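As structure tokens, the structure follows; a few thoughts come after it.
The values are calculated or read from the model by the stated rules, or taken from the named source; none is laboratory data. Because the structure is a prediction, the values reported are computed rather than measured. Here the Cβ positions follow ideal geometry from the backbone for every residue, glycine too, while neighbour counts run over all protein chains shown. Heavy atoms of the whole protein, side chains included, go into the accessibility calculation; ligands, DNA and RNA do not. Shrake-Rupley method; radii C 1.70, N 1.55, O 1.52, S 1.80 Å.
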Amino acid sequence: MVRGYFGVGVERISKALNMGSIFRTAHAFGASFVFTVAAVYPEQEGRLADTSNAPASLPFYNFPDLGSLMLPKGCALVGVELTDDAVELPTFRHPRQAAYILGPERGSLSPATIERCEFVIKIPTHFCVNVGIAAAIVMYDRLLNLGKFAERPGIPGGKPTPREAPVFGPPRFRRKVDLFLAPPPTRVTDID
């Protein structure tokens, strides 16, 4: 189980099948919402790739431009782009609340979008991959980074070391609650 939430979106994307693929993958990975910025999403065409019909199952926001993009309070906008100063994905600590935004098929995120991002990350590849594949890699890395999985074995084919179950102690009270722990009075005269 992963704490927090995330959304996935695309800026100026033009191919409905790529959007459909991203939305389906986001739905499969448990995204809380999907969105577009300055893009047109013909859902009928997108559903050829999005067989889960993600926009019918989770919130879909279609922002006409970057200025209208609104995210929940505390939600970090994370750009996915091959730039020299972007953080390489294997070393990135994902925020608990994040919205990942990817650029168009034959282009990059706009400079204004990169400026607005709290973080910019890149997948360490020799050249860019399909936008749908890039989104899937980022979501999978988020799951590995924030998920509660057993440790990988030290040798190929070895058994993973199970995570220990959390141990919870007795409740801790921050204020005096003795009055609330005592049995209630049985008569009005018992109250001081």
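So here's what we get for this one:
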| item | result |
| --- | --- |
| From the options THR113, THR125, residue that is open to solvent by less than 80 Å² (accessible area, probe 1.4 Å) and in a helix (DSSP H, G or I) | THR113 |
| Entirely in the range 1-58, the helices (runs of 4 or more DSSP H) that have 1 or more residues that are more than 27 Å from ARG93 (Cβ to Cβ) and at pLDDT 80 or above | 16-28, 54-57 |
| Condition met for PRO90 (assigned to a loop (DSSP other than H, G, I, E, B) and either touching a residue at least 40 places away in the same chain (Cβ under 8 Å) or farther than 24 Å from LEU17 by Cα (or both)) | no |
| Looking only at the range 153-181, and only at residues there that are open to solvent by 50 Å² or more (accessible area, probe 1.4 Å) and among the aliphatic types (A, V, I, L, M), the one that is modelled with the lowest pLDDT | LEU179 |
| Residue under evaluation ASP190, criteria (1) at pLDDT below 70; (2) among the charged types (D, E, K, R); (3) touching a helix residue (DSSP H, G or I) at 6+ places or on another chain (Cβ under 6 Å), criterion not met | (3) |
| Filtered residue count, the range 12-30, keeping only those that are open to solvent by 10 Å² or more (accessible area, probe 1.4 Å), in contact with a Gly (Cβ under 8 Å, 6 or more places away or on another chain) and not aliphatic (A, V, I, L, M) | 4 |
| Among (1) of a type outside the set (A, V, I, L, M, F, W, C); (2) touching a residue at least 60 places away in the same chain (Cβ under 8 Å); (3) touching a helix residue (DSSP H, G or I) at 6+ places or on another chain (Cβ under 6 Å), the one test that TYR5 misses | (3) |
| Residue in the range 74-89 that is closer than 17 Å to ALA136 by Cα and open to solvent by 50 Å² or more (accessible area, probe 1.4 Å) present | yes |
| Restricting the range 128-152 to residues that are part of a loop (DSSP other than H, G, I, E, B), in contact (Cβ under 8 Å) with a residue 40 or more places away in the chain and not polar (S, T, N, Q), the residue that is surrounded by the most Cβ atoms within 10 Å (Cβ to Cβ) | CYS128 |
